[in-house]
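Below is one structure, written out as structure tokens, with a few remarks after it.
The values are calculated or read from the model by the stated rules, or taken from the named source; none is laboratory data. Since the model is a prediction, treat every value here as computed from it, not as a measurement. Cβ coordinates were reconstructed from backbone atoms using ideal geometry, including for glycine residues, and neighbour counts include every protein chain displayed.
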């Protein structure tokens with residue numbers, strides 16, 4: 001069995017790659033990035049608390065911002081588990097690199113953190129990498145649709 005046949009066999013066993021699974025992957029990334037924004041807000045809100053045990057982040061639990069962040073993170077993990085039923089791990093994990101774009105942009109928008117030109121260059125490279133990964137995936141998806 002050649003590589004293409006193995007890929008198609010593996011895909012048919014784990015479920016078809018669909019637009020829904022790719023959309024769920026985007027939802028997973030957005031949930032994860034959103035959770036990070038809640039965690040940051042919670043950390044900022046508790047920065048004035050005594051520092052005992054702060055290297056564990058326990059003091060951040062005093063902020064109500066952290067708790068929704070944890071719930072959102074759990075929802076994101078559930079979505080990711082659903083994605084992994086449909087997509088190979090190497091594809092799903094590679095697409096999650098979009099977090100290297102979403103989180104810095106979120107930190108700029110919500111916390112007015114500065115992003116250096118070097119970081120913007122890195123973000124552009126991440127986007128280029130995701131595009132490079134996405135092209136073969138779309139071709140595989142087209143092959144699968146033709147066979148169905």
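Looking at residue 98, is it touching a residue at least 24 places away in the same chain (Cβ under 8 Å) and part of a helix (DSSP H, G or I)?
Yes.
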**Request:** Being in contact with a helix residue (DSSP H, G or I) (Cβ under 6 Å, 6 or more places away or on another chain) and either modelled with pLDDT under 80 or not in a helix (DSSP H, G or I) (or both) is the filter here, so list the residues in region 113-132 that pass it.
**Result:** 113, 115
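Residue by residue, here is whether (1) at positive phi; (2) surrounded by fewer than 19 Cβ atoms within 10 Å (Cβ to Cβ); (3) touching a strand residue (DSSP E or B) at 6+ places or on another chain (Cβ under 8 Å); (4) modelled with pLDDT under 70 holds:
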{"site": "3", "(1), (2), (3), (4)": "no, yes, no, yes"}
{"site": "8", "(1), (2), (3), (4)": "no, yes, no, yes"}
{"site": "14", "(1), (2), (3), (4)": "no, yes, no, yes"}
{"site": "30", "(1), (2), (3), (4)": "no, yes, no, no"}
{"site": "37", "(1), (2), (3), (4)": "no, no, no, no"}
{"site": "47", "(1), (2), (3), (4)": "no, yes, no, no"}
**Message:** For region 79-95, which positions are modelled with pLDDT under 95 and within 30 Å of residue 45 (Cα to Cα)?
**Reply:** none
**Asked** Just for region 66-78: of the residues that are touching a helix residue (DSSP H, G or I) at 6+ places or on another chain (Cβ under 7 Å) and modelled with pLDDT of 95 or more, which one is farthest from residue 31 (Cα to Cα)?
**Response** 68
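Which of the residues spanning region 80-91 are touching a residue at least 12 places away in the same chain (Cβ under 8 Å) and surrounded by fewer than 19 Cβ atoms within 10 Å (Cβ to Cβ)? Spell out how you get there, then give the answer.
From region 80-91, those touching a residue at least 12 places away in the same chain (Cβ under 8 Å) are 80, 82-83, 85-88, 91; that's our starting set.
Answer for region 80-91, where residues must be touching a residue at least 12 places away in the same chain (Cβ under 8 Å) and surrounded by fewer than 19 Cβ atoms within 10 Å (Cβ to Cβ): 82, 85, 88.
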